[in-house]
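Engineer: Mind having a look at this structure? Questions to follow.
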Amino acid sequence: MDAAGRTVLVRPDHDLFTRGNQVTASDPVAARADDVWKVYGSGEAEVIALRGVSVTFQRGVFTAIMGPSGSGKSTLMHCLAGLDSVTRGEVHIGETRVTGLGDSGLTKLRRDKVGFIFQQFNLLPTLSAKENILLPLSIAGRKPDDAWFDTVIKTVALQDRLGHRPAQLSGGQQQRVACARALVARPEVIFADEPTGNLDSKSGADVLGFLRDSVKTYGQTIVMVTHDPVAASYADRVIFLADGAVVDELSDPTPDMVLDRMKRLDNPAEVAR
Amino acid sequence: MFRSMLRGLLTHKLRLALSALAVILGTMFMSGAFVAGDTFAQGFTALFSTVNRDIDVEVTAKDTSPGGQNAQLGTPTALLDQQDVDTVQKVDGVAKTTPGVYSAGARLIGSDGKVVGGNGPPQQGIAWQDQDPLIQLRQGRPPQAANEIAINQGLSTDSGFGLGQTANVITLEPPTPYTIVGIFGFPGDRPSLAGETTVAFTLAQAQRVLLNAPGKFTSIDVTAASGVSDDTLRDRIAAALPDDVVRTGAQVAEEQQSATSSFVNILKTGLVVFALIGMFTGAFLIFNTFSMLVAQRTRELALYRSFGASRGQVNRSVLLESVLLGLAASIVGLALGILVGYILNKALQAFIDASLPVSGVVVRAYAVLTTLAVGTAFTVVAALIPALRASRVPPIAAMRDAVTPDKPLTRLTVAGAVILAAGGLLLGLGVAHVGDLPTWLTLGIGAALTFLGVALLAPIISRPLTTAAGKAFAWSVPGRLGARNTGRNPRRTAVTAAALMIGVALATGAGVFAQSAKAGISNAFERDVNAQLAVTTSFSQGPGANAGFPPELEQTMAALPGVSAAVALRTDTVNLNGSDRFVLAGDAQAASTIFNLKPVAGNVRELDPGEVLLDQDTADALRLGVGDRVTMRTARAAPVTLDVVGIFKPNQAISSSLISSADAGGFRSPFAQQGFVQVANDSQVPQVRAELDRLFANNPEVTVNDQSQLIDQANSFVDILLGIVNTLLALTIIVAVLGVVNTLLLSVFERTRELGLIRAVGMSRAQVGRMITVESVLISVFGALLGIVIGVGLGVAIVKALGDEFLSLTVPWGYLLITLALAIVAGAIAAVLPAIRAARLNVLQAIAYE
C-alpha cells in the first residue's frame, strides 16, 4: 500500500529495463491522428468529443491515454482503431489512411493491422482458449506461425489451459487469452480499452506486465486507454486528455507522477497554470 | 404494474411481430376456410332457392331401382307418366301442372371437337317448357322439331356455336347433329344458373334421347291456386299419389342444399385441420418467443418481485401479454382471412367451373368467434410454461447477473422417451387394428404423441446431430462458428427444429403414402391387366350421366387384325337376391384371359344368357355356390334368374361378378364404359391402336390409351392429391420457417457483443452473414431430418394400417432428398433477415456498451 492507501502493483522497476526498443525520431509511425475532431449531434445537442487532437504513436512504444471521464479518451481510441469515424481530420494506421475507408477496407484493416483487448475480455464462449486465440488468424485465413504461437502462449502462461472454454477460466486467464489473441496476429497496433478494469490487482499486474514485455521484447505497439494511474505507469508514455484535447504528456511515468498529473487535471486552475 | 410490464412487451416488437405472424397465418387460414365455405354454401342456397322459387309443389317418382339415388351413372329410372299428371291436375287447389323431363346426360360437342363442360356443374338436357319462369328466351325460338334444340347462353359462348348452326349432341344416342334454333338465359341476365350447360329438346325428343321412355316425365311441377298453401297442397297431392315423392319447393331447395352442404363441410373441415396443424406449429414459435422474452427480462421481473409483486401477479401479467398478443393477432388474421375467403371462394368456383349466384363474402358469427377463440387459446397455452417460469424468478435475480445455467436435460429426456413410447405403441396398435378406437383416431393420437415425444427428445439429440452435420461446414471459420452456435442452446434449437419437423413429417408421410399408392397401382396393372390397349370414357356423374360406347363394338374390336382378346365392360348397380351389387357385363372368356381370372369353383368361361360368374366375395356374402340360381333385378328391366356357373377370385382389375352382355339390357346406361384390348404381337400395337382411334373418332368422350398412359392417369390423380396436401402444408412450413427467423434474430440480439468482437478481429460482413446462414441451415436440416424419420414411420404405419392391396409400401427416396434440399433452401431464406441484422451491426456500439 502506498501513502494514499492504494495497492501498489508488484512489478519490476521499469527503469532497470534496457531501452533497446526505445523510440528514436527515425522510427516509423504505427498510428497517427491529425487534427481529429469528433462531434456528436448538432445544434443545441452538439457535443464535441474531440477538438483537434493530433497525436503520433511510434512503433514499439506502449502508450497510455488517460483523462477524466468524458475527456474523450475512449472516443480517440475508437477513432484511431477505425471503429468510429472522425468528423474532421485524418487517422492513419501504418501506411493506411483509415479515414474514408469503407466497411470492407475497415474489415481488412482490423484483420491485418489492428488488435483489440477489451475490459470485458470478449471471448467466444463456444470456442476453446486456443481457438479463441487463433480466431483472428483463421478469420483472415492465415496460417499461424507455430513458433510465435508457442512463444506467445508461454509468455501468457496458458500452456495448460488451451483446451478450456472461457467459462472454465478465471478472469485473469480470460484476459490473458484475449492478450494472446491480439498478439498472435502481430498487428501494427494493439488497442487495449481498460484491460485491467475487470481484474483484481494481481491478475491486472500479470496482464500489464505481459503487455509491457511484448513491447520491450518483441517491439509490439500498444495503445491503452485507462483511468488507473498504476496501469498507466506500465506505459512508456502517457497522454492526458481533457475536454477532447491533449493537455499533457509524460514519458517513463511512475504511478505517483501520473496521479499527480491527474489531480491537476481535475483542478482546472492548476492546468491553466 | 400491468401497464409498465406491457411497456416491456412493446419493446420487443420485432420478435412479437414474428410470433404474432404465426398466429395471424393460422387464424387467417382458419377464418378463410370458414368464410370461403360459408360463401360457397350461400351460393348454392341462392342457386337452389332460385331454381325452386316458382315451384309450389314438386312430384317425383320414388326411385326403387337397385342402388337408387346412389347409382352414379346411367339414365333416370324413376319416372312419372301422363296418368300421374292427370291425377295431380284433378287435386283440389292445383292451378297448373308442368310435367318436366330432366337428365344430366346431354353433352354438346363444341366447335373445337371437345365436349363442353363436365368439370363440375351438370351437363343437363331438358324438355322445352313454354312458360318456365326460370328460362328466358334471348334469341330465336323454341325447338319445334326433333332435330332442333335451344341452348343456354353460356353453352353458346363456350361451344362457339350460335343461332342457326348445327352441333352434335351426345345423349343416350351417339353424337347426333341438331340445329340450334334458340338461345336462352336466366333471370338476372345470367348466361347460366351456376356454370351448367343446358340443352332443351322438344318434349318427345327429350323423352326419347334422355330417358329412353316415350311419354314419361321425371317430375311434375305444381302451381297452387291462390289461397292454397304449399304445405296443404303437398299433403293433398301426396294423398292422391301415395307411392310418389311429393315435396314443396322449399323442401326441395333444402334437400338439394343439404346434399351440397355436406360436401362444403368436408371441404371446410379439411382446410380447418390444416389451419390447426399450422397453429400447432405456431405454438412452438410462441413458446420459444415467450421463453426468450422471459429469460431476457429476468432482471426486470425480479425487480417487480423485489418491489413486492407476487408470483401470481408476474404469472398473470405474462399470460395477459399472451392474451393480448393472441387476440390482436387473431383479429388481424380474421380480417385477412375474410379476404382469403373471398379469393378462395372464387378459386373454388373456378376449380369446379361454376359461377354461383353470390357476391361478396358471408361472415358468420361462429366463424369470427371460433377464429378469435382458437387463435387466442393457442397463444395462451403456448405461453403457459414461460409464464410459470417467469413467476419463479427470485427477487434476488435483480441484484446479480442473470445466469441461465444449463439445466440438465434428464427430466425432459425421460418424459420425451415415455411419451414417444406411448405414441409408438398407439401407432403399433393402429397398424395391428387392435383396440376399440377407430384406426384413424389411434393413428392420429399416436402421431401427435410421437411429435411431442420427439420434440422433448430433440434437445438431447440436437448436440451430436448438429455437431455431426456441422462437420460439413468445418472447413470455414464462419461455418464452424455457426455450427457451434447451433449446439449452444439445445432447447431452443430443438423447439425451433421441432416446429419444422411437424410439417416435414406430414409431407413425408403423405409422400410415402402417395408413392406406395402409385407403386400399388402400377403393380396391379402389371399383374392383373394383360392388355396393351384400353378404351376409357370420360368421368361423369349425376342422374343421366352416361358416357360410353356401344357395347356391340366389343365384337368389332375383337375382330380387328392382330387382336387376340377384347372385352367391352358395362357396369351398373343391380340387385342380386335382395342385395345391391355392382356387376359387370361383357365377354367373360376375353375378360378371363385379360384379367387373369382364377376360378375358385366351377368354370371361368364364356357365358350364355342366363349365366353368371360370381366373384368370391359376392358368393360368400350371398352364400351361393356353383349350380345355385340367383335372381337379378336391374333398373330398367324385369328380374331374371341366373345360373351360377363359376366363382373366381377377385383381383385388382375385376372384383365384381360378371354377366353376359345379353342380360345387361336393364342397365341404366346402354353403353359400355371401358374396353380392354390384348394384342397378340407387340409390334402390331400401333396398328391396332390406329384402328381403335378410327373406331371412336366421332366420340370425344372415348379415348384409347396404352397401359402406361392408363397408369399415368391413375398416378396423376395421386400426384394431384399429394400436391394439394403439400400446398396446404406449406402454411405449416412457413410458420416453422418464421420460427427459425425468430430464433436467429434473438440469437443475433443476445450475441451482440460476440458479433461485435468477431467483427473487431477482422470478420467481414459476408462472413458474419454466412455464419448465421450456417446456423439457420443446421436448425432447418435438423428439423427436416427429424421430420423425415418420423414421416417415413408415419407413412409406413398408415400404409400398414390400411393394408389395402392397392398400396405397395415404397419409400420415395428422391422425394425425401428433395425435402431435405428444400429444408436447406428454407434455412438459407430464413437466415436472410437475421444475417442482415448481424452484418449491419455497429461494431463500436456492440463492443463499447457497458
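The values are calculated or read from the model by the stated rules, or taken from the named source; none is laboratory data. Owing to the predicted nature of the structure, the values given are computational and were not obtained by experimental measurement. Methodologically, a virtual Cβ is constructed for each residue, glycine included, from the backbone with ideal geometry; neighbour enumeration extends over all protein chains shown. For accessibility, only protein heavy atoms count, side chains too; no ligands or nucleic acids. Shrake-Rupley method; radii C 1.70, N 1.55, O 1.52, S 1.80 Å.
Engineer: Starting from the range A:51-78, keep only residues that are under 21 Å from A:Y234 (Cα atoms), then list their pairs with residues that are in a helix (DSSP H, G or I) and basic (K, R) whose Cβ atoms are within a distance under 7 Å, requiring at least 6 positions of separation or different chains.
Structural biologist: A:F62/A:R212; A:I65/A:K73; A:M66/A:K73; A:G67/A:K73
Engineer: How many of the residues making up the range B:198-219 are part of a strand (DSSP E or B) and closer than 22 Å to B:P670 by Cβ? Working first, answer last.
Structural biologist: Here is the first cut: in the range B:198-219, the ones part of a strand (DSSP E or B) are B:198-201, B:216-217, B:219.
Right, trim to closer than 22 Å to B:P670 by Cβ and you get B:199, B:201, B:216-217.
Residues in the range B:198-219 being part of a strand (DSSP E or B) and closer than 22 Å to B:P670 by Cβ: 4 in total.
Engineer: What are the residue pairs meeting all of these: first residue in the range B:590-605, first residue assigned by TED's automatic domain parsing to the domain that holds B:S564, second residue of a type in the set (V, I, T) and in a loop (DSSP other than H, G, I, E, B), Cβ atoms under 6 Å, and 6 or more apart or on different chains?
Structural biologist: B:S592/B:V604; B:F595/B:I654; B:L597/B:V604; B:A601/B:V626; B:G602/B:V626
Engineer: Right, next: Against the condition touching a Pro at 6+ places or on another chain (Cβ under 7 Å), surrounded by 18 or more Cβ atoms within 10 Å (Cβ to Cβ) and in the same structural domain as B:R488 (by TED's automatic domain parsing), how does B:I733 come out, does it pass? Break it down stepwise before answering.
Structural biologist: On the way: touching a Pro at 6+ places or on another chain (Cβ under 7 Å): no; surrounded by 18 or more Cβ atoms within 10 Å (Cβ to Cβ): yes; in the same structural domain as B:R488 (by TED's automatic domain parsing): yes.
Answer is no for this residue.
Engineer: Also: Could you go through the range B:373-380 and let me know if any residue there is of a type in the set (S, T, N, Q) and more than 25 Å from B:V737 (Cβ to Cβ).
Structural biologist: Taking the range B:373-380 as the starting set, the residues that turn out to be of a type in the set (S, T, N, Q) are B:376, B:379.
Subset that is more than 25 Å from B:V737 (Cβ to Cβ): none.
No, the range B:373-380 contains no residue that is of a type in the set (S, T, N, Q) and more than 25 Å from B:V737 (Cβ to Cβ).
Engineer: Restricting to the range B:736-750, what's the tally of residues that are open to solvent by 20 Å² or more (accessible area, probe 1.4 Å) and either farther than 14 Å from B:V495 by Cα or within 14 Å of chain A (Cβ to nearest Cβ) (or both)?
Structural biologist: Of all residues in the range B:736-750, those open to solvent by 20 Å² or more (accessible area, probe 1.4 Å) come to B:737-738, B:749-750.
Retained after the next criterion (residues that are either farther than 14 Å from B:V495 by Cα or within 14 Å of chain A (Cβ to nearest Cβ) (or both)): B:749-750.
Qualifying residue count for the region: 2.
Engineer: A follow-up question, please. Can you tell which of A:A81, A:A64 is more than 10 Å from chain B (Cβ to nearest Cβ), closer than 25 Å to A:V207 by Cα and surrounded by 23 or more Cβ atoms within 10 Å (Cβ to Cβ)? Full working, then the answer.
Structural biologist: Details: A:A81 fails: more than 10 Å from chain B (Cβ to nearest Cβ).
After ruling out the rest, the residue left standing is A:A64.
Engineer: Identify the single condition in (1) within 28 Å of B:I445 (Cβ to Cβ); (2) surrounded by fewer than 19 Cβ atoms within 10 Å (Cβ to Cβ); (3) at pLDDT 90 or above that B:L817 does not satisfy, given that it satisfies every other one.
Structural biologist: Evaluating B:L817 over (1) within 28 Å of B:I445 (Cβ to Cβ); (2) surrounded by fewer than 19 Cβ atoms within 10 Å (Cβ to Cβ); (3) at pLDDT 90 or above leaves (1) as the failure.
Engineer: Also: Please determine, by comparing only the residues of the range A:110-136 that are facing chain B (nearest Cβ under 9 Å) and closer than 15 Å to B:R480 by Cα, which one is surrounded by the most Cβ atoms within 10 Å (Cβ to Cβ).
Structural biologist: Applying the first criterion (facing chain B (nearest Cβ under 9 Å)) to the range A:110-136 yields A:110-112, A:114-116, A:118-120, A:122-127, A:131, A:135-136.
Then drop every residue that is not closer than 15 Å to B:R480 by Cα, which leaves A:124-127, A:131, A:135-136.
On the way: A:L124: 20, A:P125: 13, A:T126: 20, A:L127: 19, A:E131: 20, A:L135: 23, A:P136: 27.
If we take residues in the range A:110-136 being facing chain B (nearest Cβ under 9 Å) and closer than 15 Å to B:R480 by Cα, then A:P136 is surrounded by the most Cβ atoms within 10 Å (Cβ to Cβ).
Engineer: Can B:P561 be described as open to solvent by 60 Å² or more (accessible area, probe 1.4 Å), more than 21 Å from B:G665 (Cα to Cα) and touching a Gly at 6+ places or on another chain (Cβ under 7 Å)?
Structural biologist: Working: open to solvent by 60 Å² or more (accessible area, probe 1.4 Å): yes; more than 21 Å from B:G665 (Cα to Cα): yes; touching a Gly at 6+ places or on another chain (Cβ under 7 Å): no.
Here the answer is no, as B:P561 does not meet what is asked.
Engineer: Of all residues in the range B:166-189, count the ones that are surrounded by fewer than 17 Cβ atoms within 10 Å (Cβ to Cβ) and touching a Gly at 6+ places or on another chain (Cβ under 6 Å).
Structural biologist: Qualifying residue count, the range B:166-189: 0.
Engineer: Of all residues in the range B:751-783, count the ones that are more than 20 Å from B:T289 (Cα to Cα) and either in contact with a Pro (Cβ under 6 Å, 6 or more places away or on another chain) or within 11 Å of chain A (Cβ to nearest Cβ) (or both).
Structural biologist: 18
Engineer: Any idea how many residues of the range B:222-256 are within 23 Å of B:L79 (Cα to Cα) and polar (S, T, N, Q)?
Structural biologist: Residues flagged as within 23 Å of B:L79 (Cα to Cα) and polar (S, T, N, Q) within the range B:222-256 amount to 4.
Engineer: Right, another one. Could you check, for the range B:368-377, whether at least one of its residues is in a loop (DSSP other than H, G, I, E, B), under 28 Å from B:A194 (Cβ atoms) and in the same structural domain as B:S291 (by TED's automatic domain parsing)?
Structural biologist: The first filter runs over the range B:368-377 and keeps only residues in a loop (DSSP other than H, G, I, E, B), leaving none.
Within the range B:368-377, none of the residues are in a loop (DSSP other than H, G, I, E, B), under 28 Å from B:A194 (Cβ atoms) and in the same structural domain as B:S291 (by TED's automatic domain parsing).
Engineer: Only one of these conditions is not met by B:L233: (1) crowded, with 19+ Cβ neighbours inside 10 Å; (2) in a loop (DSSP other than H, G, I, E, B). Which number is it?
Structural biologist: (2) is the only condition that B:L233 fails.
Engineer: In contact (Cβ under 8 Å) with a residue 12 or more places away in the chain, surrounded by 22 or more Cβ atoms within 10 Å (Cβ to Cβ) and either on the phi < 0 side of the Ramachandran plot or among the hydroxyl-bearing types (S, T, Y) (or both): is that true of B:G793 in this structure? Quick ask: steps written out before the conclusion?
Structural biologist: Values: in contact (Cβ under 8 Å) with a residue 12 or more places away in the chain: yes; surrounded by 22 or more Cβ atoms within 10 Å (Cβ to Cβ): no; either on the phi < 0 side of the Ramachandran plot or among the hydroxyl-bearing types (S, T, Y) (or both): yes.
When the stated conditions are applied, B:G793 does not pass them.
Engineer: Within the range B:275-308, which residues are buried (at least 21 other Cβ atoms within 10 Å of the Cβ) and either aromatic (F, W, Y) or free of Cβ contacts under 8 Å to residues at least 12 places away in the same chain (or both)?
Structural biologist: Scanning the range B:275-308 gives B:F284, B:F287, B:F290, B:Y304.
Engineer: Evaluate the following for A:R237: is it at pLDDT 90 or above and open to solvent by 30 Å² or more (accessible area, probe 1.4 Å)? Spell out how you get there, then give the answer.
Structural biologist: Numbers: at pLDDT 90 or above: yes; open to solvent by 30 Å² or more (accessible area, probe 1.4 Å): yes.
Here the answer is yes, as A:R237 does meet what is asked.
Engineer: May I pose another question? Examine the range B:465-479 for a residue that is in the same structural domain as B:A797 (by TED's automatic domain parsing), touching a residue at least 60 places away in the same chain (Cβ under 8 Å) and of a type in the set (S, T, N, Q), and state whether such a residue exists.
Structural biologist: Yes; the residues of the range B:465-479 include at least one that is in the same structural domain as B:A797 (by TED's automatic domain parsing), touching a residue at least 60 places away in the same chain (Cβ under 8 Å) and of a type in the set (S, T, N, Q).
Engineer: Output yes when any residue across the range B:424-441 is modelled with pLDDT under 85 and closer than 30 Å to A:A167 by Cα, and no when none is.
Structural biologist: No, the range B:424-441 contains no residue that is modelled with pLDDT under 85 and closer than 30 Å to A:A167 by Cα.
Engineer: Given the options A:L199, A:L183, A:L208, name the one that is crowded, with 16+ Cβ neighbours inside 10 Å, hydrophobic (A, V, I, L, M, F, W, C) and not in a helix (DSSP H, G or I).
Structural biologist: Only one candidate passes the filter, namely A:L199.
Engineer: Tell me, yes or no, whether the range B:555-570 has at least one residue that is polar (S, T, N, Q), part of a strand (DSSP E or B) and within 25 Å of B:D682 (Cα to Cα). Before the answer, list the steps.
Structural biologist: Taking the range B:555-570 as the starting set, the residues that turn out to be polar (S, T, N, Q) are B:555-556, B:564.
After this cut, where a residue has to be part of a strand (DSSP E or B) as well, the list is B:564.
Pick out the ones that are also within 25 Å of B:D682 (Cα to Cα) and you get B:564.
Within the range B:555-570, one or more residues are polar (S, T, N, Q), part of a strand (DSSP E or B) and within 25 Å of B:D682 (Cα to Cα).
Engineer: For residues that are assigned to a helix (DSSP H, G or I), surrounded by fewer than 20 Cβ atoms within 10 Å (Cβ to Cβ) and within 14 Å of chain B (Cβ to nearest Cβ), tally how many sit in the range A:139-165.
Structural biologist: Adding up the residues that qualify gives 1.
Engineer: Which one of these is exposed (fewer than 13 other Cβ atoms within 10 Å of the Cβ), away from every other protein chain (no Cβ under 14 Å) and of a type outside the set (K, R): B:A468, B:A448? Break it down into steps so the answer makes sense when it comes.
Structural biologist: Values: B:A448 fails: exposed (fewer than 13 other Cβ atoms within 10 Å of the Cβ).
The unique qualifying residue is B:A468.
Engineer: Do you know which residues across the range B:576-610 are open to solvent by 20 Å² or more (accessible area, probe 1.4 Å), under 16 Å from B:G666 (Cβ atoms) and assigned to a strand (DSSP E or B)?
Structural biologist: Result: B:D580, B:R581, B:F582.
Engineer: Taking the residues in the range A:93-104 that are in contact with a Lys or Arg (Cβ under 8 Å, 6 or more places away or on another chain) and more than 7 Å from every other protein chain (Cβ to nearest Cβ) as candidates, determine which candidate is surrounded by the most Cβ atoms within 10 Å (Cβ to Cβ).
Structural biologist: Here the residue is A:I93.
Engineer: Taking A:T107, is it at the interface with another protein chain (Cβ under 9 Å from one of its Cβ atoms) and either free of Cβ contacts under 8 Å to residues at least 40 places away in the same chain or open to solvent by 10 Å² or more (accessible area, probe 1.4 Å) (or both)?
Structural biologist: On the way: at the interface with another protein chain (Cβ under 9 Å from one of its Cβ atoms): yes; either free of Cβ contacts under 8 Å to residues at least 40 places away in the same chain or open to solvent by 10 Å² or more (accessible area, probe 1.4 Å) (or both): yes.
Yes; evaluated as a whole, the condition is true for this residue.
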